[in-house]
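Working notes, beginning with the structure itself.
The values are calculated or read from the model by the stated rules, or taken from the named source; none is laboratory data. Just so it is clear, the structure is predicted and the values come from calculations on it, not from any experiment. Here the Cβ positions follow ideal geometry from the backbone for every residue, glycine too, while neighbour counts run over all protein chains shown.
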Amino acid sequence: MNQHSSTSKWYGTTILAIRKHQRVVVAGDGQVTLGSTVIKGSARKVRSIADGSVIVGFAGATADAFTLFERLEGRLEEHPGQLRRACVELAKDWRTDRYLRKLEAMMAVVDKNESLVLTGTGDVLEPDDGIIGIGSGGSYALAAARALISVEGLNAEDIARKSMSIAADICVYTNSNLTIESLDVSD
């Protein structure tokens with residue numbers, strides 16, 4: 001059976017992170033789907049944490065994501081200003097802890113210096129180009145963002161909005177109700 005056809009499986013989200021010039025933006029759609037039914041169209045899957053210095057977007061089960069948000073905040077308190085270290089520590093916990101190991105989510109995590117993807121398999125990945133796309137429409141948004149990143153006159157938020165719109169037009173598990181958070185990136 002196709003995982004998308006199951007009526008007992010929550011599915012769908014698109015999260016996109018763009019780093020361009022002096023700005024980093026994370027955008028997420030608002031659709032929550034159970035099987036082929038849209039349950040909610042205005043979920044907030046992108047949040048600012050660590051006193052506004054870190055932005056996190058999640059794809060996957062909502063309760064799992066909130067657990068991971070809390071754990072990441074705890075790790076950031078232990079390692080202030082060290083996003084990569086906090087993420088590596090969370091990934092270790094996620095992979096080895098019996099409770100956390102069962103969580104089904106992915107996270108895009110950014111601060112003014114780094115953009116990272118965290119997975120439940122212990123991965124902490126940094127994209128070469130500063131663009132992250134995760135979730136059901138993540139590949140569509142990522143492809144659109146990569147095509148738009150070099151267009152003059154488009155800033156990070158413009159690219160995120162256009163890319164998310166393209167993903168929403170292609171992926172039935174993604175809508176155009178966006179949450180966007182951003183940070184200034186200054187050297």
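Across the range 39-97, the qualifying residues are those that are of a type in the set (S, T, Y) and part of a loop (DSSP other than H, G, I, E, B), and the one among them that is surrounded by the most Cβ atoms within 10 Å (Cβ to Cβ) is S53.
Restricting attention to the range 169-187, the residues that are assigned to a helix (DSSP H, G or I) and either over 20 Å from I39 (Cα atoms) or hydroxyl-bearing (S, T, Y) (or both) add up to 0. Per the conditions (1) at pLDDT 95 or above; (2) surrounded by 15 or more Cβ atoms within 10 Å (Cβ to Cβ); (3) within 22 Å of G30 (Cα to Cα), the sole criterion not satisfied by S176 is (2). Annotation: of all residues in the range 21-38 being part of a strand (DSSP E or B) and modelled with pLDDT under 95, the one that is surrounded by the fewest Cβ atoms within 10 Å (Cβ to Cβ) is T37. The set of residues in the range 100-155 that are under 16 Å from A65 (Cα atoms), of a type in the set (S, T, Y) and crowded, with 17+ Cβ neighbours inside 10 Å contains only S136.
Here S150 meets each of (1) touching a residue at least 12 places away in the same chain (Cβ under 8 Å); (2) assigned to a loop (DSSP other than H, G, I, E, B) with one exception, condition (1). Tell me yes or no: at least one residue of the range 91-113 is of a type in the set (G, A, S), within 24 Å of N177 (Cβ to Cβ) and modelled with pLDDT of 95 or more. Yes, that holds for at least one residue. I166 falls short on exactly one of the conditions (1) of a type in the set (V, I, T); (2) touching an Asp or Glu at 6+ places or on another chain (Cβ under 6 Å); (3) in a helix (DSSP H, G or I), and that condition is (2).
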